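In what follows, a structure is listed as structure tokens, so that the remarks can point back to it.
The values are calculated or read from the model by the stated rules, or taken from the named source; none is laboratory data. Since we're looking at a predicted model, the values are computed, not measured. Please note: Cβ atoms are built from the backbone with ideal geometry, for glycine as well, and neighbour counts cover all protein chains shown. These area figures cover heavy atoms from the full protein model, side chains too; ligands, DNA and RNA do not enter into them. Shrake-Rupley method; radii C 1.70, N 1.55, O 1.52, S 1.80 Å.
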Amino acid sequence: MCRRRFCLSGIIKTMKYDFLGSFTKRMKNVGLYAVLVQNIVQKTTWNKFGLKKSDEQINITFSVLLFLMENSLRESPCTMDDIAAYLDSISEYWPEKGWTFDECSELASFIINTVLSNEGVLMTFDGYDYDQRAYRINAIRYVVNEVVYLGGDVKRTSYHLTEDGYNLLLSTLEIESNMRLTIRELLFQMHLEKQSYDKAVDDIKGIFNELRIQVQRAREAMRRIRRNALDYSVTEYEEILHSQLDSISDSRPKFEAYRVMVENRKAELEDVRINSRELDDDEREKIRNLGIIGEYLDHVLDEHQRVLNSYFDLKDLYSEELENISRASMIKRFLLKKEVYDRVLDNPKALENFDLFLTPLFRKNIDKIYDPSRALQAQRPFGKRKETEETFDIEFDEAKWEEEQERLRAEKRAKYKGCMSFIFDMVIAKGKASLSDMKKQLENDPENIKRLIPSIDIFKEVMVELIKASELDIKKLREERAGSYFNNGEVFEANVMLLEILDEADNGRDIKWVYVRKRGDKKISFDDVIDEDGNRKTIRCSEVEISIGGEKNNVV
């Protein structure tokens, strides 16, 4: 057990996550907010101006920053007097503060020199670099000043924003959700045209994530509508349906065109390798990135269809729920005690006409009339009668249903993993193994037949997937898994499950290649295999040999 834990911890420590590649840059953007807010809330000078709440302090600081950005964009001077005059003009929105012009001048100086410039002391925010395994210092500077001459000879200090200041303010206005996919698509197209395939890989992953977010957003909206349609406003419905649907409706042909473009460029580079010369490292890296882009484009097209289906399902569900609510509102309800009992007590003579009240209940014609004479007649069989339909009241619990479905998926996945584990436990122990070897082992240990062949369909699917793979580059598979955003918990993928088995094996990290070969026309059979219906059957299949290697073509 201790050895197993040690191996797993070593795997986790050496595992690479591609999404942490730009972590330092992300932390720089986080630091723009963190340093400024920390600089604001730590100061007590705000109390002098009646700004005691941190909300007020942050609001007035960003109001000044916006004034600085406006002047910086116009490239016009922005002196301390200009900032003081600006604060004095907006003080009418803060009438309870009662600032004078001198107080506005003092407040402007405090915000610029102390809060935004930190009294001239450099502000930093350290971001961890996972590649270098160390912190990297990010310098932060919101405002810079320069000397300007007003009126020809009047010397003044003018303030304007730095790049950090622009990034801070521009990020406060989030891009509308229906524009995110379009912007990412434009960046992806630009990087493809410039042949910056490493950046295009990040772009296509971002596009896939954006589509996955839209699917999850539609599912969440459907859950809210099922709970209570009136809790979901028409404005929200229009925003999520029309704006998002419009943004992706025309994108599928573009993604299909990108896939053709990527396949053509990859083919061109491979033709160079085959017909002309060996590729250099840069060209090989391009082929690898183009392969990743092509795979993600396939997933993007699949996810694109899921988004469309989700939005159409949302539209149908919302319409149906609103119709149900409108029908319910048309039903007129009354209290039996108030409308019947109390009125009868007030006027007992009303009972004489009580049949008028009950008449609507008996307006429907009786479907069948019982004829006693038919019971005395000889009855002849008319063949097999259809089973009488019965109505059952079922209380549907969505949470329990999802839990049951998850349990069934987990059981099925466990059977897949048990089958592959049996195969590769033997392969790893001996270096190579064939189905004949596994059959011999099962003759000595027949109880394990359910591990290798939990069901005929599962065994067939596992072997077909392995034979199709033929040669598996384990290192490449690990790299793809590290950069993957897919959830493979609900489906069977031989590559993913093989990596799980190798990760759990004691010497699985030393295996670099897996080879699967069919051995001619030789056939083997497994007898007395119990299928899903409990019947005993015999399976006949081709002879297959599986081997492992530390390096390419170096088979153990």
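Couple of notes before you dig in:
- Shape of segment 49-88, Cα gyration tensor, a/c cut at 1.5: oblate
- Surface composition of segment 59-161: carbon and sulfur make up 48 percent of the accessible area, probe 1.4 Å.
- Relative packing of 158-165, 280-287, which averages over residues the other C-beta atoms within 10 Å, highest first: 158-165, 280-287
- Heavy-atom accessible area ranking, 1.4 Å probe, most first, across Thr100, Thr235: Thr235, Thr100
- Segment Val260-Asp346, length gained on full extension (0.36 nm per residue, minus Cα span): 22.5 nm
- Integer Hz, Karplus 6.51/-1.76/1.60 couplings in order for segment 500-517, x for Gly and Pro: 4, 5, 5, 5, 7, 6, 5, 10, x, 6, 7, 7, 10, 9, 10, 10, 10, 10
- 3J(HN,Hα) couplings calculated from phi for segment 211-225 with the Karplus curve 6.51 cos²θ - 1.76 cosθ + 1.60 (θ = phi - 60°) are, in sequence order, 5, 4, 5, 5, 4, 5, 5, 5, 5, 5, 4, 5, 5, 5, 5 Hz; Gly and Pro show x.
- Rounded, prolate or oblate (a/c below 1.5 giving rounded, otherwise prolate when a/b exceeds b/c) for segment 33-162 by Cα gyration tensor: oblate
- If you take all other residues with their beta carbon under 13 Å from the beta carbon of Val462, and give Lys and Arg +1 and Asp and Glu -1, the sum is +3.
- Accessible area (Å², per residue) of segment 40-124, counting only protein heavy atoms and a probe of 1.4 Å: 52 Å²
- Cα-Cα separations in segment 107-222 greater than 26 Å, expressed as whole percent: 53 percent
- Cα gyration tensor category, rounded, prolate or oblate, for segment 277-329 with a/c compared to 1.5: prolate
- Distant-in-sequence amide contacts of Asn138, defined by a placed amide H-H separation under 5 Å and a gap of 5 or more residues or a different chain, comprise Phe125, Asp126, Gly127.
- Karplus 3J(HN,Hα) series, Hz, for segment 260-266 with 6.51 cos²θ - 1.76 cosθ + 1.60 (x for Gly, Pro): 4, 4, 5, 4, 5, 5, 5
- Ile467 exposes around 60 Å² of accessible area when a 1.4 Å probe is run over every protein chain in place.
- Per residue, the average separation of C-alpha pairs within less than 8 Å and at least 6 apart gives segment 31-154 a relative contact order of 22 percent.
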